[in-house]
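See structure below.
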Amino acid sequence: MEIDLSKISLRPFKLEDADDFFLFAGDDQFTMNLRWKTLTSKQEALDHIKDVCIPHPWRRSICIDDRSIGFVSIFPFSGEEDKFKANFGIGVAVKYWGQGIATRAAKMAVSQFFVDFPEVVRLEAYVDVENLGSQRVVEKAGFQKEGVLRKYAYVKGKLRDLVLYSFLSTDFQAEAEGCLP
């Protein structure tokens, strides 16, 4: 089933998203590269939306026809020395992998985030070295690979190597001028 990418939208999560959220967040394949555990009930999905998604500074539901199929999360750092940067994360339901949805949502999120948080100049995405699909997503969205952080983080109980990507607020201008790939 080919998805019309113009139907992709981002919006804040709602409690009414619990059923859709559980469909993807209850899938081990979806959560295998995330630090949070696979959800086991609709109640856990509702609690996650209420306790994590809604109060989050910038977490959006990726939607098709207003149905949640994933998330994009950009978390600004705190503190005087770090307030110029933020962490970027994204996840799309497994049945939508490989269709350009995550890339489209990532591009939409990055552009809106820099409007909402003009003081942030750097986004960072950390991607498992074995997660080639997510590496392609952030690269197609305009992130630049900076290097591999060896034995950098525990994910599902294993110490993992992560690829570090960045997107600078000035990259929009460079992209528009054809200076970036």
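Picking from TRP97, TRP36, TRP58, which is most flexible by a Gaussian network model of the chain using Cα springs under 10 Å?
Fluctuation is largest for TRP36.
Which listed residue (PHE88, ILE69, THR38) has the Cα farthest towards the positive end of the charge dipole for segment 1-108, taking +1 on Lys and Arg C-beta and -1 on Asp and Glu C-beta about the Cα centre?
PHE88
Straight-line reach only, C-alpha to C-alpha below 16 angstrom: list the lysines that LYS156 could link to, leaving out same-chain residues fewer than 8 apart.
LYS37
In a shell of Cβ-Cβ distance under 10 Å around ALA18, excluding ALA18 itself, what net charge do Lys and Arg (+1) and Asp and Glu (-1) give?
Result for the neighbourhood of ALA18: -3.
How big is the gap, in Å, between the Cα center of segment 12-32 and the Cα center of segment 144-159?
Value for the Cα centre distance between the two parts: 25 Å.
Relative to the longest principal axis of the chain, what angle (0 to 90°, nearest 10) does the C-alpha long axis of helix 101-116 take?
Tilt of helix 101-116: around 60 degrees.
Rank PHE113, LEU23, PRO55 by how far each Cα sits towards the positive end of the charge dipole of segment 15-135 (+1 on Lys, Arg Cβ; -1 on Asp, Glu Cβ) and give me just the farthest.
After comparing all options, I get PHE113.
What FRET efficiency comes out for GLU146 versus ARG11 if R0 is 41 angstrom and r is the Cβ-Cβ distance? Round to the nearest 0.05.
Efficiency, rounded to the nearest 0.05: 0.85.
Using a 7 Å offset from the Cα along the Cα-to-Cβ direction at both ILE3 and HIS56, what is the distance between the two label points in nm, to one decimal?
1.6 nm
Suppose the Debye formula is applied to equal point scatterers at every Cα of segment 86-181; what is log10 I(q)/I(0) at q = 0.12 Å⁻¹?
Calculated log10 I(q)/I(0) at the listed q: -0.40.
Just the accessible area per residue of segment 33-134, please: how many Å² with a 1.4 Å probe?
49 Å²
Return the percentage of antiparallel bridges among DSSP beta bridges fully within the chain, rounded to the nearest 5 %.
Once the DSSP bridges in the chain are tallied, antiparallel ones form about 90 percent.
Looking at segment 67-160, which GluC sites (Glu not before Pro) are DSSP coil and have at most 13 other C-beta atoms within 10 Å of their C-beta?
Working: sites: GLU80, GLU81, GLU119, GLU124, GLU130, GLU139, GLU146; in loops: GLU80, GLU81, GLU119, GLU130.
When the GluC sites (Glu not before Pro) of segment 67-160 are filtered for loop state and at most 13 Cβ neighbours within 10 Å, GLU80, GLU81, GLU119, GLU130 remain.
Straight-line reach from LYS158: which aspartates and glutamates fall under 15 Å, measuring Cα to Cα and dropping same-chain residues less than 8 apart?
Result set, ordered by chain and number: ASP128, GLU130.
About the Cα centre of segment 8-131, what is the dipole size in debye to 20, counting +1 per Lys and Arg Cβ and -1 per Asp and Glu Cβ, all else neutral? Write down the numbers at each step before the final one.
Working: 15 positive and 19 negative charges, 55 e Å.
About 260 debye.
What number, in percent, do you get for the relative contact order of segment 42-181 if the mean sequence gap of Cα pairs under 8 Å and at least 6 apart is divided by its residue count?
Reported relative contact order: 17 percent.
At 1.4 Å probe size, with the rest of the protein present, what percent of the exposed accessible area of segment 43-181 is carbon and sulfur atoms?
Of all accessible area on segment 43-181, carbon and sulfur atoms account for 52 percent.
The values are calculated or read from the model by the stated rules, or taken from the named source; none is laboratory data. This structure is a prediction, so every number in the text was calculated from the model and none was measured. Please note: Cβ atoms are built from the backbone with ideal geometry, for glycine as well, and neighbour counts cover all protein chains shown. Only protein heavy atoms, including side chains, enter the accessible area calculation; ligands, DNA and RNA are left aside. Shrake-Rupley method; radii C 1.70, N 1.55, O 1.52, S 1.80 Å.
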